[in-house]
Amino acid sequence: MKYVMLLGKCMTGFAWAVMVYNLFMPFEGNTGLALNILLLVTAFMHGIQVIMFYGMFSQYMALTKKDFLKVFGFGVFALLEYRQKLMQKLQQQNA
């Protein structure tokens with residue numbers, strides 16, 4: 001599972017890099033337009049995930065700006081990582 005999340009983070013980072021690169025050096029035709037639209041949709045969806053992250057995890061662990069940026073950047077893969085950390089923490093408390 002760890003390698004799947006790492007691969008997902010790498011793919012997400014690459015997608016962000018391509019979309020941001022397109023802002024400064026636009027691709028020609030419909031590709032550039034599609035990447036701009038995808039950037040807006042991705043930023044919106046990752047923003048929603050940050051709100052979900054705050055709602056789910058703020059009562060269980062202290063959250064920093066770095067945590068929020070990580071969730072904004074990597075989306076569901078960061079959420080899964082924090083879920084895993086929380087589950088381990090709760091198991092240790094119950095043991």
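Solvent-accessible area of the chain (1.4 angstrom probe, protein heavy atoms only): carbon and sulfur portion equals 70 percent. Per-residue ellipticity at 222 nm, computed for the chain from helices alone with -39500 (n - 2.57) per DSSP H run of at least four residues, works out to -29000 deg cm²/dmol.
Each label was represented as a point 7 Å from its Cα along the Cα-to-Cβ direction; for Phe27 and Val4 these points are 2.8 nm apart. With each label modelled as a point 7 angstrom along the Cα→C-beta vector, the Arg83-Met52 pair spans 0.8 nm. How big is the chain by the Kirkwood estimate over distinct Cα pairs, in Å? When all Cα pairs of the chain are included, the Kirkwood radius is 14.7 Å.
In order along the stretch 52-68, phi translates into HN-Hα couplings of 4, 4, 4, x, 7, 10, 5, 7, 9, 8, 6, 10, 10, 4, 4, 4, 5 Hz, rounded to whole numbers, per the Karplus curve 6.51 cos²θ - 1.76 cosθ + 1.60 with θ = phi - 60° and x for Gly and Pro. Over the chain, how many pairs of lysines fall under 20 Å by alpha carbon, counting only those 8 or more apart in sequence or from different chains? Here the count comes out as 12. Accessible area per residue for the chain is 74 Å², calculated with a 1.4 Å probe on protein heavy atoms, without ligands, DNA or RNA.
At an R0 of 22 angstrom, the distance between the Cβ atoms of Gln91 and Met61 translates into a FRET efficiency of 0.95.
The values are calculated or read from the model by the stated rules, or taken from the named source; none is laboratory data. What you see is a predicted model, and the numbers here were worked out from it, not measured in a lab. Positions of Cβ are generated from backbone atoms using ideal geometry, with glycine treated the same way; all protein chains shown enter the neighbour counts. Quick note on the areas: whole protein, heavy atoms, side chains included, nothing else; ligands and nucleic acids left out. Shrake-Rupley method; radii C 1.70, N 1.55, O 1.52, S 1.80 Å.
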